[in-house]
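Worksheet for the structure shown next.
The values are calculated or read from the model by the stated rules, or taken from the named source; none is laboratory data. Here the structure is a predicted model, which means the values were calculated and not measured. Every residue, glycine among them, receives a Cβ derived from its backbone with ideal geometry; neighbour counts consider all protein chains shown.
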Amino acid sequence: MFDRKYLKNEIEKLDGALPDHINLYLIGGGSMSFQNLKDATKDIDVVVRSESDIIAFKTLLNNNRLFMSTTILLK
């Protein structure tokens, strides 16, 4: 389970590791946990706005193994 402290730490890692700025939106239980509206969440859901942000984010996660598994859904 991921609590607010864990989420804040991981977001800071992402911010320091990304070569360029991307807009990353934390949604669902992760957002609720980050805002102290829920104790913890079992997964972390994010949304990005552009294909270039998806590529940058996926590359970062895969290269640095920041998370155990990553699923990218495109619409």
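I want to confirm something. Restricting to the range 50-67 and keeping residues that are charged (D, E, K, R) and more than 11 Å from the chain's Cα centre (by Cα), which single residue is farthest from residue 8 (Cα to Cα)?
The residue in question is 51.
Scanning the range 14-55 for residues that are of a type in the set (Gly, Ala, Ser) and surrounded by 11 or more Cβ atoms within 10 Å (Cβ to Cβ), which turns out farthest from residue 2 (Cα to Cα)?
52
Within the range 27-49, can you find the residues that are outside any helix (DSSP H, G or I), without any contact (Cβ under 8 Å) to a residue 24 or more places away in the chain and over 17 Å from residue 9 (Cβ atoms)?
27, 37, 38, 45, 47
When you check residue 75 against the structure, is it in a loop (DSSP other than H, G, I, E, B), modelled with pLDDT under 85, of a type in the set (D, E, K, R) and over 10 Å from the mean Cα position of the chain (by Cα), yes or no?
Yes, satisfied.
From the list 1, 68, 32, exactly one residue is at pLDDT below 85 and either in contact with a strand residue (DSSP E or B) (Cβ under 9 Å, 6 or more places away or on another chain) or not aromatic (Phe, Trp, Tyr) (or both). Which is it?
Only one candidate passes the filter, namely 68.
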